[in-house]
Amino acid sequence: MGFLARKRGFLAPLLLALLLVQRFSAVVSALNYTSYRQVSSMRLERIQRHLDKINKPPVMTIESPDGDIIDCVHKRKQPALDHPLLRNHKIQRNPPERPRVKTLKEDDKTKKSNVEEGVIRGSWQTWHRNGTRCPKGTVPIRRSTVHDVLRSKSLFDFGKKQAPISLARRKDAPDVVSANGHEHAIAYTGSSLEVYGAKATINVWDPSIQVVNEFSLSQIWVLSGSFDGSDLNSIEAGWQVSPELYGDSRPRLFTYWTSDSYQATGCYNLLCSGFVQTNSRVAIGAAISPVSSYAGNQYDISILIWKDPKIGNWWMSFGDNTLVGYWPAELFTHLANHATMVEWGGEVVNSRANGEHTSTQMGSGHFAEDGFGKASYFRNLEIVDSDNSLTAVQSISTLAENTNCYNIESSYSNEWGTHFYYGGPGSNPLCP
C-alpha cells in the first residue's frame, strides 16, 4: 500500500499490474475472501486516491493479532472533519451530559425473573491483546486496503449499505424491507414518540456467512424521518460479521449513519467523513472478543446512543460507559431535533445463491425458543426521554418477515427488564 502510494506516479502500468497480482495472491491464501480479477491501473489509482483520503497519516501504528492494522491518528486529523458540513466544526471537548437512570417502581421490582442462570461476561476488542494503546490525543482507526475496496461492488458502494426498496407495509411498521434481500428479526417502539436515545446489552456470537457479499448483524437503530421517502435519518451501532467489508468472519463493532435513506450520505465506521471519534481505546470496525459458545459462557456488549441535551450531538458509549465519540448534529435534518422510533435486533442479507434461501445465520444461528445459552439475546432495552433520563422500555412490538428462517420472542424479567431472544439458521426444510 505505502509503496504503491509513493510510486504510482511513475510506475509503468505493466509493473503496477504485476505488483497487484502478487498482492492478490498473498491475500487469497490468507483469507480466501478476495478472488483474483483483472484490475486496470487507472482503477487502482482511483482506489488509492480514495484510500489516501480516509487513511490519515498515523502518529503510531499497531498490528493486531488478527491481522488488522490500527493507525493512531491525531484526533484533529481524523476523516470526520473532511465533511463539508463540518469544516468549521470544533471537536466537543466537554463530556456530554449522560442520561440519568430512573429507579424502578416498587411493583416493577417484584416482577419475577424468568431468565436462566448462566455465566455472562463482557466482550472487548482483539487489538488490545498485545497491550499496546494509542497515545493520548490520537484515535485508533482500522486501516482500509485496496482489497477491502475491491470486495465491494464499486468504489461508490464501498462502506455503504444498500438503499432499501420502498414497499407497502403496515402504517406503523418499522423501516424493514425484505425485497432487496435483507431479512430481519427486530423489536421496535411506536412511531409517534419523541426519543432522545436508546440502550441495550447485546449477546455476541460469530454467525456463519454463506457467501462473501452477505452479512449478519445485531444492532440498535435510532430513526427519524419518512420510511417511504428519501429523508430518513438513521444512527446505528452494534456488531456485525461481514466478509465483504472486513475480509474475514469475525464479529466486529460497527457504526452507521445516513440522512437520506441510505442513498448518498453516510457509511460504516470511519469509512467516510461524519462520525467524530474521541476515544483512544476503542477502534470502530475492529474485532470483538471473546464470543459466546453454545451451552457455554455468554459474552455481551452494552451500547448507548443519546443526544447531548446541551450541544445536540448524538453520542455513543460502549461497554462500561466508555465514550467512543459522536455524530454531529449538523449531519442530520430530522435527527437534529429528536428520534421518532428505535429498533433493536438482527439483520442478514439473503442473496439466494443457487436460487435457495441463504444459510447465513442470524445471532447464534438458533431460533429464539432455544433460550439462554443457545439463542442470541438483547437485554435491558431502554430509551432516553426528553429530560435526558434512561427509562426501561415498557412495551415493544416485534417483527420477522419469515419466522421459519429467523424469529424473535420478547419477554420481561427483573434482572433483564424488557428483553428478547432472536435469530435462526436461515435455510432449513421449512425455509427453502
The number of residues in the range 370-385 that are surrounded by fewer than 24 Cβ atoms within 10 Å (Cβ to Cβ) and farther than 16 Å from A187 by Cα is 6
Output the residue which, of all residues in the range 122-146 that are part of a strand (DSSP E or B) and open to solvent by less than 20 Å² (accessible area, probe 1.4 Å), is modelled with the lowest pLDDT. Q125
Which condition number in (1) under 18 Å from the mean Cα position of the chain (by Cα); (2) at pLDDT 95 or above; (3) not hydroxyl-bearing (S, T, Y) is the one that P164 fails? (2)
Tally up the residues in the range 400-420 that are under 26 Å from E356 (Cβ atoms) and open to solvent by less than 30 Å² (accessible area, probe 1.4 Å), please. 5
So, in the range 261-289, how many residues would count as being in a loop (DSSP other than H, G, I, E, B) and under 23 Å from P84 (Cβ atoms)? 16
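Select from the range 57-105 the residues that are among the charged types (D, E, K, R), open to solvent by 40 Å² or more (accessible area, probe 1.4 Å) and part of a loop (DSSP other than H, G, I, E, B) and list them in ascending order.
The answer is R87, K90, R93, E97, R98, K102, K105.
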When residues of the range 327-337 are filtered for being out of contact with any Ser or Thr (no Cβ under 7 Å at 6 or more places or on another chain) and not polar (S, T, N, Q), how many remain? 5
For V324, all conditions in the list (1) at pLDDT 95 or above; (2) open to solvent by 20 Å² or more (accessible area, probe 1.4 Å) hold save one; what is the number of the exception? (2)
Quick check on the range 245-260. Is at least one of its residues assigned to a helix (DSSP H, G or I) and touching a residue at least 60 places away in the same chain (Cβ under 8 Å)? yes
Filter the range 219-238 down to residues that are in contact with an Asp or Glu (Cβ under 8 Å, 6 or more places away or on another chain) and hydroxyl-bearing (S, T, Y) and give me whichever is surrounded by the most Cβ atoms within 10 Å (Cβ to Cβ). S234
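The values are calculated or read from the model by the stated rules, or taken from the named source; none is laboratory data. Just so we're clear, the structure is a prediction, and the values are computed from it rather than from any experiment. Note that each Cβ is placed from the backbone with ideal geometry, even for glycine, and that neighbours are counted across all protein chains shown. Areas reflect the complete protein model, heavy atoms only, side chains present, ligands, DNA and RNA absent. Shrake-Rupley method; radii C 1.70, N 1.55, O 1.52, S 1.80 Å.
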